[in-house]
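Some notes on the structure that comes next.
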Amino acid sequence: MLERARPHERGALHLFDDDGREFLDAVAGIGSAPLGHAHPDWVAACHAQLQRLVSTSNAYRTGPQQALAAALRERYPIPDARVFFCNTGAEASEAAIKLALRATGRDTIIAFERAFHGRTLGALSLTANPSYRAPFVRCPGDELEHAFCSARVLRVPFGDLGAARACLEREGDRVAAVFLETVQGEAGVFPATREFLIGLRRECSARGALLGADEVQCGAGRTGAWSAWSAIVGDDPALAPDLLWLAKGLGGGLPIGACLARGALAEAMAPGSHGTTFGGNPLACAAALATIEIIERDALLAQAGAQMPTLREIAAIKPISAVHELRGLGAMIGIQIGAIAEQRASALTRALAEEHGVLVTVCGGHTVRLLFPYRAGRAELEQVWDALAACLRDS
Ligand code: PMP
């Protein structure tokens, strides 16, 4: 049972359990603690906001909410963005689904194989993994086509532009949107290519369908740029998605989500079409603002961006034969272990924690995922790599 963080003036990378054992934390709240734990400046900003104003409901505007919306507009590639605030990644996906259906008046969303967009019912309809979906979302007739909310969801292989184009052509003006994770996370860390993203942008524009980027896991600076979209495609507004949504790292550890939409689209949502009591509350917004400030002040985007190249260097010096592939961008890293069975994956995470004091998750069945706080560097990456080498040698 985890109890507390080891205090550090730049945010803790280590946690203690209730027996006083220490762990290097490469899970970081599944990417929700980009500053590490209990960063003193983040704590101070939250504390100051706690004493000022915490909860107003979203019926009112507040200073932190306005400031955060402006900060996101400056940093994310959505032209003339309007921002809807919520509390989690799944809620941000729900907002994007509702907005796409309402703004286009169409009924179909194209999602991708291996996609993860959350576990609420609308988001679950887009999530691919049948073990998450099957007990809750009916699949009438065709297994690839199902409707839980008012949308039909069709699924094509991730990275296959031809399949996406064929689906868009076949479905014509039924398609409200194409939604994808810019870097698929739960699937095993698969970044989209620039060609795929630009191709989808062109296909969607040609057919009046919206393009939505779920950056719940890969946004908020994790890839070394504020958005993974910018890291992969750049900042050309003509190539930007219509919708982009965030959560996890955005609040630096407190729950907050945000869905950014091109200005004209957001007009489709009339007052009352969507809302949430806690969404964009002053505390979560102040926490998110402090997170952005600290990331920029301490040049943490560059540090996040350096993690993947550093791990590649370590891997080149000390190769592990059981590692089949390294994938990722910046501080979103997947280490694919060859032919590892599900039960071995959980044995591996347990051995890493119990024998080597290293916390990681396994995603996509056989990929060890590192979502370190952004300031983690060579020493921490090497510690994980050496622990992995020892575990895989022993097994
Ligand atoms: N979208 C993506 C891409 C995610 O990785 C996740 C969480 N793993 C979600 C949505 C759902 O976020 P939450 O758990 O905050 O609802």
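Bear in mind these aren't lab numbers, they're just calculated from the coordinates by the rules spelled out. In this text the structure is predicted, and so the values were computed from the model without any measurement. Please note: Cβ atoms are built from the backbone with ideal geometry, for glycine as well, and neighbour counts cover all protein chains shown.
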Work out Dmax and Rg for the chain from the C-alpha atoms and quote the Rg first, both in angstrom. 20.6, 60
Highest first, please rank the peptides 112-120, 350-358 by the mean number of other Cβ atoms sitting within 10 Å of their residues. 112-120, 350-358
Working out 0.36 nm times the residue gap between residue 102 and residue 318, then minus their Cα-Cα distance, what length gain in nm do you get to one decimal? 72.5 nm
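Just subtract the alpha-carbon distance of residue 8 and residue 74 from 0.36 nm times their residue separation and send over the number in nm, one decimal. Display every interim value, and only then the final one.
Values: separation 66, 0.36 × 66 = 23.76 nm, distance 3.02 nm.
Extra length from residue 8 to residue 74 when fully extended: 20.7 nm.
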So which residue, out of 11, 185, 234, gets the largest mean-square fluctuation from a GNM of the chain using Cα contacts under 10 Å as springs? 234
Checking 230, 273, 57 against a Gaussian network model of the chain (alpha-carbon springs below 10 Å), the top fluctuating residue turns out to be 273
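Students often check this: by mean Cβ neighbours within 10 Å, which of 359-366, 235-242, 32-39, 17-24 ranks highest, and how do the rest follow?
Packing order, densest peptide first, comes out as 32-39, 359-366, 235-242, 17-24.
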Provide, in order from the shortest bin, the percent of all Cα-Cα pairs of the range 189-293 in each 5 Å bin, continuing until the bin that contains the maximum pair distance. 2, 12, 19, 21, 19, 15, 9, 3, 0
Compare 333, 320, 232 in a GNM of the chain, Cα atoms joined below 10 Å, and give the one with the largest fluctuation. 320
Share, in percent, of DSSP beta bridges within the chain that are antiparallel, nearest 5: 65
Backbone N within the range 300-318 under 18 Å of label point (7 Å from residue 393 Cα along the Cβ vector): 314-318
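With an 8 Å cut-off on Cα pairs and a minimum separation of 6 or more residues, tell me the relative contact order of the chain in percent.
Numbers: 837 pairs, mean separation 89.4, N = 395.
After rounding, I find 23 percent.
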Which value in deg cm²/dmol, rounded to the nearest 500, describes the helix-derived mean residue ellipticity at 222 nm for the chain, given -39,500 (n - 2.57) per DSSP H run of n ≥ 4 and division by the residue count? -12000 deg cm²/dmol
Treat each spin label as a single point 7 Å out from the Cα along the C-beta direction, and report the residue 131 to residue 53 distance in nm. 4.6
Computed lengthening from residue 174 to residue 379, 0.36 nm per intervening residue step minus Cα-Cα distance: 68.7 nm
Could I have the simple spin-label model distance between residue 60 and residue 236, label points 7 Å from Cα toward Cβ, reported in nm to one decimal? 4.6
Assuming R0 = 35 Å, what is the FRET efficiency of residue 268 and residue 44, from their Cβ-Cβ distance, to the nearest 0.05? 0.30
Convex hull over the alpha-carbon atoms of the range 230-350: what's its volume per residue in Å³? 199
Spin-label point model (7 Å from Cα, Cβ direction): what's the residue 160 to residue 354 distance in nm? 4.1
